[in-house]
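The values are calculated or read from the model by the stated rules, or taken from the named source; none is laboratory data. Here the structure is a predicted model, which is why all the values come from computation and not from measurement. FYI the Cβ positions are ideal-geometry reconstructions off the backbone, even for glycines, and counts take in every protein chain you see.
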């Protein structure tokens, strides 16, 4: 916290490039994440083209060789999970919201925050560079299972896999530092009166996500170092010939990989919850149970990882214990979902575009959660493992959190971020197109999976038993292209609103959390006068107050009389 | 100045200490995962003890002594800087740095004799783990030395007097590196 | 609706499908309850001037019961799924019935190799027979396949038999199946194994007892 | 007061060195299984001494203990999950 220099003006570089202001850093992440999303969408398009029209020239690209196809699949997963979902959900919203929501001037370690971003930028540069080197980027799947990833002779690739590993290691370092910052900020810099149980749920979820990321990624960092050594120093950690074991990587990977799912899920659920309470004008139902179950779910996420490995050659006696924990993890999430549904009961709903996206998150996530039960059941997984059923399932959960949740967050906090409103009509059009085409892609994909179509095959027409689903695959591809194209509505809305949007009031949605008590956009160091907190963030439609909202910084004395 | 945070920060640890502990928490699974993998792989197959017997036990014992002592010296530096005895802190920090460099020097000597005897990272699964674990640990020692050198230079300029807690934070990290070695030593050399 | 799956031709395929449908009915009901409620609430509780939302925080047990009771049902259903699932898992991957025929299955880029022990019943002997991408088995007999891999991880997938198992270098993993129907079925690889992953495809030929004997006598004419 | 601190740190250091001597002696004298149990018990004691006295855990609040211990719990879980596949490994060739 430096010397209260709220009005100090910096030059362009200090303000936008090497800024240590958490709001600017959040926007830097936003730009980078949305940029990566374009590339992620492009890889999705090429993958879908190849599946629907195998071995024809993809429009705008050309013939997709099998080797290139594997690289596309690998990069799609890597980009979407590590370079879109993680920065968008954690870095953008975590960075922007945590200090504002707790009434702090900035993060606990602003310079470390900037450093996190630039390490992430470096990770991005390394991954991007791998597209342009001879033999192309990594092609061993986003899970990078050795031995395939351990020797170039197996993939036919080159240094792409090394760059992929280096890029992931950098990205993990960046998010570890980011997580340390989030946690310390929330522990130390909360405004007076803002107790732990007056924090907005999204802050709790961001913090839980930071903790489970921090505690799960270590073994994979170690695993990645070992894989780099296998590739470059001739060690044999993952090679059976030298006494190693390929399964070791899978355990280290999924010990991180499954908590990672909840790292991506919780912030999205948090956004959904905040947006729904605001537009339902109703307090979140079962606030404390939601927080407790969030923490329980975070803990449970560490004891379910082997459900990714039922048929991997893992000891079959491990399958049922992990199957039980996996299916039991539905309980905390069911509580959160039921509570949100209960929040909707007796509410007063306005269907703005952020609300539509938040409800979309809810609806889509329920579907994804329910299909997860199939995957979690070890015997069913024998058949559906590594098929498109799994692909459809995790797109239902992750697309809901990352894109529906992410869009809800962007539409909702855009006025606070940029001081202008986004266009409502375009927002609603964007929602309906996204919602319809998303389901158009992924509902049929479950059926394709149940027919047995394997993941990561470039040409289903090579198999007799998959010939019948060709029309379905073509339909999915058409829907996917439309889904990607309908995001243009968002792009137009985003840039138009940025330049020409209606100037936003400080609190356009009449929300209670602290970020809405300062100006839009907030000044450097966030608050002109430091806020004090008197209540929890969900006093919507409090019976005795005149208005149906009551910000956190209103004291008891003024609560009943004053319209905020 | 920090009126907004005064109410809470009185009850909580200082920012730097919380942040450092979270950082240590994120380091534990990195080495923890590595050690867990080493133990299960070793329990699951034979021949590791034989490979382990080629390691230079004396050097490792000396290194254990150096690192344990350096933990003591850095905590002494902390005690000194707390009562503004900057010169004494500088001596202890300097000693810590020298002990750390001594550790790395011995490690380098150890590596070079092993490689001279033909034991490379590719010489088998034990050697893979040996070089992987000690190498990663040595990098941590190196990072700690760099931090300590920065702090030492701040005793020269005198700026450390305003930031005495920095020695404690550097110490926390340094002790973790020491603790990791406390486990690596028996795992690799004694078992 | 039941032709969502390929035709089932193994003895345990029905059990796998059965647990699938068991879960399917449970989650379908939950799907309609939850999504139905959401839709109903969105229509029913749309903002109207003059009507305020109910201030319900769920802080009392009587309110919380609306969440906890369904949650208890979820727990019970979860356990039912696990208990039924455990039996099926044990049947497919747990204990294997005694083998009538043991074959080695070896994954390699990008082929399935099968090794038959020959008339002496022993592997690594003179009369072993190695086939590429062809697995010949008799109908109604218990077949054990000892899976391993020469290079990377492959996944031995018999969609019609509801069987899948990764073949891992350095491990020998046994799987079993018993075919119930004569025919020719595919054995794709289900784990990304390199540029030839797509198209890595073997065949299992399920013969009648007679035809299988004929195949045997073609391959080992001397004995 | 500070000289008290410093003497305390020195005493801990002597303990640490003594414990190293114990484990080295154990490795050369005791039969292997016993030695291993002793050596790792000693290592845990050493780590505990460093954490408690040098890292000042004895003066810290519960939250710091939680931050330090929870990762260890998760590493233990990982370890237990690895045992069946790599120690028992039914399917190893």
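Among the residues of region A:229-247 satisfying the criterion of being crowded, with 24+ Cβ neighbours inside 10 Å and in a helix (DSSP H, G or I), which is farthest from the chain's Cα centre (by Cα)?
By that ranking, first place goes to A:230.
Considering only residues that are more than 14 Å from every other protein chain (Cβ to nearest Cβ) and either surrounded by fewer than 17 Cβ atoms within 10 Å (Cβ to Cβ) or in contact with a helix residue (DSSP H, G or I) (Cβ under 8 Å, 6 or more places away or on another chain) (or both), which ones fall in region A:523-540?
Residue satisfying the conditions is A:523 alone.
Here are some residues: D:74, D:79, D:86. Which one is at pLDDT below 95 and facing another protein chain (nearest Cβ under 8 Å)?
Exactly one residue qualifies, and that residue is D:86.
It is to be established whether one or more residues within region A:466-480 are touching a strand residue (DSSP E or B) at 6+ places or on another chain (Cβ under 9 Å), in a helix (DSSP H, G or I) and under 28 Å from residue A:262 (Cβ atoms).
No, the conditions are met nowhere in region A:466-480.
Does any residue of region C:209-220 turn out to be touching a residue at least 12 places away in the same chain (Cβ under 8 Å) and within 14 Å of chain A (Cβ to nearest Cβ)?
No: zero hits.
Here is a yes/no grid of residues against (1) in contact with a strand residue (DSSP E or B) (Cβ under 7 Å, 6 or more places away or on another chain); (2) modelled with pLDDT of 95 or more; (3) closer than 30 Å to residue A:304 by Cβ:
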| site | (1), (2), (3) |
| --- | --- |
| A:380 | no, yes, yes |
| A:392 | no, yes, yes |
| A:419 | yes, yes, no |
| A:436 | no, yes, no |
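For residue A:170, only one of the following conditions fails: (1) farther than 19 Å from residue A:533 by Cβ; (2) surrounded by fewer than 23 Cβ atoms within 10 Å (Cβ to Cβ); (3) within 14 Å of chain B (Cβ to nearest Cβ). What is its number?
(3)
Here's a check for you: in region C:162-195, which residue that is facing another protein chain (nearest Cβ under 7 Å) and in a strand (DSSP E or B) is nearest to residue C:147 (Cα to Cα)?
C:173
Can you find a residue in region A:350-361 that is free of Cβ contacts under 8 Å to residues at least 60 places away in the same chain, facing another protein chain (nearest Cβ under 7 Å) and surrounded by fewer than 24 Cβ atoms within 10 Å (Cβ to Cβ)?
no
Select from region B:135-156 the residues that are more than 11 Å from the chain's Cα centre (by Cα) and touching a residue at least 12 places away in the same chain (Cβ under 8 Å) and list them in ascending order.
Result: B:147, B:148, B:149, B:151, B:152, B:154, B:155, B:156.
If I ask for residues that are within 14 Å of chain A (Cβ to nearest Cβ) and more than 13 Å from the chain's Cα centre (by Cα), which ones from region C:134-161 would you list?
C:145, C:146, C:147, C:148, C:149, C:150, C:151, C:152, C:153, C:154
State whether one or more residues within region A:98-116 are free of Cβ contacts under 8 Å to residues at least 40 places away in the same chain, more than 16 Å from residue A:30 (Cβ to Cβ) and away from chain C (no Cβ under 14 Å).
No.
When the residues of region C:37-59 are narrowed to those that are within 7 Å of chain A (Cβ to nearest Cβ), out of contact with any strand residue (DSSP E or B) (no Cβ under 7 Å at 6 or more places or on another chain) and part of a loop (DSSP other than H, G, I, E, B), which ends up surrounded by the fewest Cβ atoms within 10 Å (Cβ to Cβ)?
C:51
Read through the list (1) in a helix (DSSP H, G or I); (2) modelled with pLDDT of 95 or more; (3) within 14 Å of chain C (Cβ to nearest Cβ); (4) out of contact with any helix residue (DSSP H, G or I) (no Cβ under 6 Å at 6 or more places or on another chain), then give the number of the only condition that residue A:273 fails.
If we test residue A:273 against (1) in a helix (DSSP H, G or I); (2) modelled with pLDDT of 95 or more; (3) within 14 Å of chain C (Cβ to nearest Cβ); (4) out of contact with any helix residue (DSSP H, G or I) (no Cβ under 6 Å at 6 or more places or on another chain), just (4) comes out false.
Mind listing whichever residues of region D:40-67 are over 13 Å from the mean Cα position of the chain (by Cα), at the interface with another protein chain (Cβ under 7 Å from one of its Cβ atoms) and part of a helix (DSSP H, G or I)?
Selection gives D:54, D:64, D:67.
Tell me which of these residue A:347 doesn't satisfy, since it passes every other one: (1) part of a helix (DSSP H, G or I); (2) within 10 Å of another protein chain (Cβ to nearest Cβ); (3) more than 19 Å from the chain's Cα centre (by Cα).
Failed condition: (1).
Which residues, counting only those in region B:1-26, are modelled with pLDDT of 95 or more and either surrounded by fewer than 20 Cβ atoms within 10 Å (Cβ to Cβ) or more than 7 Å from chain A (Cβ to nearest Cβ) (or both)?
Listed by number, the residues that qualify are B:20, B:21, B:24.
Take the residues in region A:307-344 that are facing another protein chain (nearest Cβ under 7 Å) and touching a residue at least 60 places away in the same chain (Cβ under 8 Å), then tell me which one is farthest from residue A:275 (Cα to Cα).
Among those residues, the one meeting the criterion is A:313.
State whether the residues of region A:180-198 include one that is crowded, with 24+ Cβ neighbours inside 10 Å, within 29 Å of residue B:135 (Cβ to Cβ) and out of contact with any strand residue (DSSP E or B) (no Cβ under 6 Å at 6 or more places or on another chain).
Yes; the residues of region A:180-198 include at least one that is crowded, with 24+ Cβ neighbours inside 10 Å, within 29 Å of residue B:135 (Cβ to Cβ) and out of contact with any strand residue (DSSP E or B) (no Cβ under 6 Å at 6 or more places or on another chain).
What are the residues in region C:60-107 that are at the interface with chain A (Cβ under 9 Å from one of its Cβ atoms), farther than 16 Å from residue A:333 by Cα, free of Cβ contacts under 8 Å to residues at least 60 places away in the same chain and surrounded by 16 or more Cβ atoms within 10 Å (Cβ to Cβ), if any?
If the condition is that a residue be at the interface with chain A (Cβ under 9 Å from one of its Cβ atoms), farther than 16 Å from residue A:333 by Cα, free of Cβ contacts under 8 Å to residues at least 60 places away in the same chain and surrounded by 16 or more Cβ atoms within 10 Å (Cβ to Cβ), then C:82, C:86, C:89, C:90 are the ones that fit.
Read through the list (1) crowded, with 18+ Cβ neighbours inside 10 Å; (2) at pLDDT 95 or above; (3) closer than 21 Å to residue D:50 by Cα; (4) within 14 Å of chain A (Cβ to nearest Cβ), then give the number of the only condition that residue B:143 fails.
Exception for residue B:143: condition (1).
If you scan region B:45-68, which residues turn out to be surrounded by fewer than 18 Cβ atoms within 10 Å (Cβ to Cβ) and facing another protein chain (nearest Cβ under 9 Å)?
If the condition is that a residue be surrounded by fewer than 18 Cβ atoms within 10 Å (Cβ to Cβ) and facing another protein chain (nearest Cβ under 9 Å), then B:45, B:47, B:49, B:57, B:61, B:65 are the ones that fit.
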